[in-house]
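Contents: one structure, followed by commentary.
The values are calculated or read from the model by the stated rules, or taken from the named source; none is laboratory data. Predicted model, so just to flag it, every value in this text is computed and none were measured. Backbone-built Cβ (ideal geometry, glycine too); neighbour counts: all protein chains shown. To get the accessible areas, we keep the full protein, side chains included, count just its heavy atoms, and leave off ligands, DNA and RNA. Shrake-Rupley method; radii C 1.70, N 1.55, O 1.52, S 1.80 Å.
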Amino acid sequence: MTTYETIIGLEVHTELQTDSKIFCSCSTRFGQQPNTQCCPVCLGLPGALPVLNRQVAELALRLCLATDCSITPVTRFDRKNYFYPDLPKAYQISQLHEPIGRNGQLCLKDFPERVVRIHEIHMEEDAGKLTHDPWSDQSLVDYNRCGVPLLEIVSEPDLRSAEEALDYLATLRKLLMFLGVSDCRMEQGSLRADVNVSVRKTGTQALGTRTEMKNMNSFKAIGRAIIHESQRQIDLLNEGGMILQETRRWDENKEMSFAMRSKENAQDYRYFPDPDLPPVKLDKAWIDRVRQNMPERPEQKQSRYQHEWRLSAYEAEQLTDEPFLASLLEQTIACGANPADVSSWILGEWLQACRSGNCDASDLSVQPESLAKLLEMIRNNVITRTTARSVFTYMLDHQIDPESYVREHGLAMVNDLDDLKQMVASVLEASEQSVKDYLAGKEKAKTYLIGQVMRKSRGKANPAHVNKLVEELLEQHRQP
Amino acid sequence: MQLTELSAWQLGDLIRKKEIRALDAAEAVVAEIKTKNEKLNAFLSYDEAVIRSQAEGVQEKLDAGQVLSPLAGVPMAVKDNISTRLYPTTCASDMLQGYLPPYDATVIENLQQAGAVITGKTNMDEFAMGCSTETSFRGPALNPWNQGHTPGGSSGGSAAAVAAGLSWYALGSDTGGSIRQPSAYCNLTGLKPSYGLVSRYGLIAYASSLDQIGPMARSARDCAAVMDCITSQDSKDSTSSDHSTAFKASCYEATTGFNISLKGRKIALPEQALAQVDPAVRRAVSETAAVFKDLGADIVPFDLPYQDASVPVYYLIACAEASGNLARYDGVQYGRQPDNGHEMDLTAFYEHNRSAGFGKEVKRRLMLGTFVLSSGYYDAWYLKALKMRRMIIDSYNEMMRGIDAVLMPVTPSAAPPLYQHEDDPLARYISDTFTVDANLTGRPAIAFPCGINAGGLPVGAQLTGHLLADDILLGLVHAYQTQTSHHEKRPSSARKGEPA
Ligand SMILES: [Zn+2]
């Protein structure tokens, strides 16, 4: 039977993390009242003119540099003309002829041999948002998103499987977030991807006819859409059919794709240079400045954590999974905490708190200074790790200074050997059976007894002392 | 003293010296507009109460000792494609009937700061596409010199208003001659400034890379005073020049000196251009050259570069840009929607609204522009036009080395009768031969009166200068106007109080 190879290219749209829109000074904040973040420019009022927000070009430059793109010395904007109610000017300002960057590359994480070439990176403006109101049977337009800056990152057809495509997306997403280019929140639409899929007989060189898949709202959906589409094409070819070059819309609920109307496929956008926007000169001085202010990339951080702070490869990778964790780590260490302590606390207690609270890591409001203080109290034997956990839980909902909190609530560790001895003695007295079990050789009984002592001290007993005392006293029981 | 016969700066002078109150000037112009506009159709909108309250506001500031500008308190008119909060801004199109902009164009803000009293919005060709105001949704304006003739266009309403004494000066916009041609037809001085010198923010775009706002007035000196008010570097217009401050300093100076000598100035006269025009125009322009010579200038020969290409290149580029600029008028935010709109699919809805809302000439140009940008035609038409434009710019740069200005007719003839070429667009387009180069090259060009033909209609001449050297042009024409009186002639209908 003939085997096929799947060829995938991605067009990723990402919303830039700027305060204001690409061609006016309106805010880009998400989730505001409809049509409250608009002005004559982004509403496309007659006579209004666009002025480029330089921050957009700077963030775009960051990504271009980080993906080894060659920078277009004089980049230009073009108008993409089409009619749609969410597009108030009836054209989108985009870049066709002279995009800001070309010929870059991105290395995948789990497929290290695969280097994905980036065809181009270009800047453009977002359109508004249409919602259909079923009650009034009317379509409503919210122009808040009009003019929000986007980057489109177009890859070459260098990917060969859904796994590779998802790896590419995850790697790109991480890079965008660490560079401060985008927060990449898919649920807010700040990262979207269209996928070009074609198949060819294994061993052949010529590319098959490709289709473009749209409307995938999650990584999962993208993976499913690729698998589905490549199978559809293979089945079609095996039946002797032909692939049509078309745009297909993915329906996540039905797990199927549908060809869009041919009219939508035959769009002629009549691109031409936007006469309202002079070409943008990206001179060496500007590029150098952007290069100098370039945030550290995730893989750079990862290796620094391993070498400078002696974290394990696993820890370093986990901590560079998202910028928040990395910055929490770095800031807490900067406040004087021990790197190993911070790392284990973040990957342990912090993430656990997020899982049980069902929230993002960055949603916890504990400040690095407080966390550092808490961890230092453990390291200096001021409190036990158990106490620290409960203080931390309290800190999630309260702005407190952990040191004063421990002091005021008498949570400091009990180190006094006489006090502890008394406590252990009374526990052993009350747990005759466990003592017998231990003496009969059941090691587990000791753990239970230690637990009882800790409980009795409400977690404050110095665990090392307790361990030692329990062993000592148990041994005394052995000799009648 | 007939107030309406004064020039703008003369009136401004009297107001500044408190010899006349701003309100008196406003009342005088309101009376004139009320008597004559119904016939002339120069204004699409004006409002007596709004005029008076502006005049009172300016007077208060003057009385409080504020220094505004030499034109403070002088009533003026604005072409209807420049956004104003005071008056609807419709581009003389059905598509924008009732549209009241929520913001003012930068030139309007500048004028208001200078103490201008804005009387109203003037008639024009629909979306500035035309050369006669015949394409106006509200019908054409008439030429005050002869009401059977066009005042020109597209800024014809502004020209008619100033020529008829309904305004002391007006703003027009010029994409391919729309300030200069009506100025010539109505015996006015009109400047198409260097591209970028005057902000386009708020000017409803026809062709963005060619459009410029500029003054239309009774003398170069008035034009200079207006330029002084409207010029500014505007952070809201990316194509705005940073030269405006330097320019403001020099332009007023250029037209206020006496004993103007043009010794050392070189003015080029393209003989081949003169060969193509009416004898009356040829004679008037030749005489103009002689006056410049008497003033001390050297008159040197010149060949207009790529003369046959200019008009086609202009229309290809202008229409292409317009097809994008006017796409937003689709019935969703502007224009009329059909009653059964909800039964239509989106394409049918757009087709209906755009077919119903635009006039014939606008549709013609939008279709042309859409065509030349279409896939398969872009390279052959639009891209080729852009390359030609580059070549025209380069040859002007080359050929104008050492030359201060090129002297030419504005149009091949004086104002034609209304509707002369209604069914022959090509014949109309070809009359733009002498005006489009300034727009294609971004160079400043000024039209000024140089005689009256046998039919009693004015004839204009034109000087094209160097980019951002608008002050030189104003100075040259001012020098000419100190020696001649063509610019002082008024149509008989402009006499005060007489119905037009
Ligand atoms: Zn805005």
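Structure notes:
- Amide proton proximity set for B:SER45, modelled H, under 5 Å, gap of 5+: B:LYS121
- By the compact-protein rule of thumb, 2.2 N^0.38 Å, the alpha-carbon radius of gyration of the stretch B:315-443 corresponds to a ratio of 1.37.
- Rounded to the nearest 500, the helix-only mean residue ellipticity at 222 nm of the protein assembly as shown stands at -12000 deg cm²/dmol, with each DSSP H run of n ≥ 4 adding -39,500 (n - 2.57).
- C-alpha center-to-center spacing [the stretch B:376-428, the stretch A:269-338] in angstrom: 52
- Average accessible area per residue (Å²) across the protein assembly as shown - probe 1.4 Å, nucleic acids and ligands excluded: 42
- Set A:LYS214/B:LYS363; B:LYS18/B:LYS489; B:LYS34/B:LYS79; A:LYS21/A:LYS174; A:LYS214/B:LYS384; A:LYS80/A:LYS284 screened for pairs whose C-alpha atoms are more than 26 Å apart: A:LYS214/B:LYS363; B:LYS18/B:LYS489; A:LYS214/B:LYS384; A:LYS80/A:LYS284
- According to the Cα-based calculation, Rg over Rh for the stretch A:296-408 is 0.96, with Rh computed by the Kirkwood formula.
- With N the number of residues in the protein assembly as shown, Rg(Cα) / (2.2 N^0.38 Å) evaluates to 1.26.
- Cβ-Cβ FRET estimate between B:LYS39 and B:LEU426, R0 fixed at 35 Å, reported to 0.05: 0.65
- Once the Kirkwood radius over Cα pairs is known for the stretch B:293-368, the Stokes-Einstein relation at 20 °C and 1.002 mPa s delivers a diffusion coefficient of 136 µm²/s.
- Dipole magnitude of the protein assembly as shown, debye to nearest 20 (Cβ charges: Lys/Arg +1, Asp/Glu -1, about Cα centre): 840
- Working from label points 7 Å from Cα in the Cα-to-Cβ sense, the A:PHE258 to A:ASN238 distance is 2.6 nm.
- Normalising the Debye intensity of the stretch B:25-161 to I(0), with uniform scatterers on Cα atoms only, and taking log10 at q = 0.11, 0.18, 0.20 Å⁻¹ returns -0.39, -0.96, -1.13.
- Estimated D of chain A in µm² per second, where Rh is the Kirkwood radius over Cα pairs and Stokes-Einstein applies at 25 °C, 0.890 mPa s: 91
- Ranked by the mean number of other Cβ atoms within 10 Å of their residues, highest first, the peptides A:181-194, A:115-128, B:357-370 come out as A:115-128, B:357-370, A:181-194.
- The stretch A:149-271 - Kirkwood radius from inverse mean 1/r over Cα pairs (Å): 15.8
- Per-residue 3J(HN,Hα) values for the stretch A:421-426, derived from phi via the Karplus relation 6.51 cos²θ - 1.76 cosθ + 1.60 with θ = phi - 60°, read 4, 4, 4, 5, 4, 5 Hz in sequence order (x marks Gly and Pro).
- In plain terms, the C-alpha convex hull of chain B casts an average shadow of 22.4 nm² when viewed from every direction.
- Assigned charges on the beta-carbon of Lys, Arg, Asp, Glu; chain A dipole about Cα centre (debye): 220
- Sites A:ILE400 and A:GLU11, calculated FRET efficiency, Cβ-Cβ separation with R0 51 Å, nearest 0.05: 0.60
- Cα-Cα separations in the stretch A:51-99 greater than 13 Å, expressed as whole percent: 66
- Relative to one another, the C-alpha centroids of the stretch B:30-63 and the stretch B:106-139 are positioned 14 Å apart.
- 3J(HN,Hα) along the stretch B:339-353, derived from phi through the Karplus expression 6.51 cos²θ - 1.76 cosθ + 1.60 where θ = phi - 60°, amounts to 4, 9, x, 6, 8, 8, 7, 4, 5, 5, 4, 4, 4, 4, 5 Hz, with x in place of Gly and Pro.
- Stretchable slack from A:ARG385 to A:GLN188, in nm (0.36 nm times residue separation minus alpha-carbon distance): 67.1 nm
- With a simple spin-label model that places each label point 7 Å from the Cα along the Cα-to-Cβ direction, the separation between B:GLU48 and B:LEU383 comes to 6.1 nm.
- The stretch A:4-285 - Debye-derived log10 I(q)/I(0), Cα point model, q = 0.10, 0.11, 0.14, 0.15 Å⁻¹: -0.55, -0.67, -1.09, -1.24
- Over 20 Å [Cα-Cα, the stretch B:428-500], rounded percent: 47
- The mean count of C-beta atoms from other chains within 10 Å of the C-beta of residues in B:29-38, rounded to a whole number, is 0.
- Taking every residue in B:325-337 and counting other chain Cβ atoms within 10 Å of its Cβ, the average works out to 4.
- Accessible area of the protein assembly as shown belonging to carbon and sulfur atoms, whole % at 1.4 Å probe: 50
- Per-residue average of Cβ from other chains inside 10 Å of B:96-102: 2
- The length gained by stretching the chain between B:SER485 and B:ASN397 to full extension, at 0.36 nm per residue less their Cα-Cα distance, is 28.4 nm.
- Summed over both chains, the area buried between B and A is near 2700 Å², taken from the accessible surface of protein heavy atoms with a 1.4 Å probe.
- Cα-centred dipole magnitude for the stretch A:346-403, charges only on beta-carbon of K, R (+1) and D, E (-1), debye, nearest 20: 280
- Overall Cα dimensions of the stretch A:419-468, principal axis frame, Å, largest first: 29, 18, 15
- Charge dipole (the protein assembly as shown, unit charges on Cβ, about Cα centre) - positive-most of A:ALA193, A:VAL74, A:THR393: A:VAL74
- Alpha-carbon centroid distance for the pair the stretch A:119-164 / the stretch B:352-369, whole angstrom: 30
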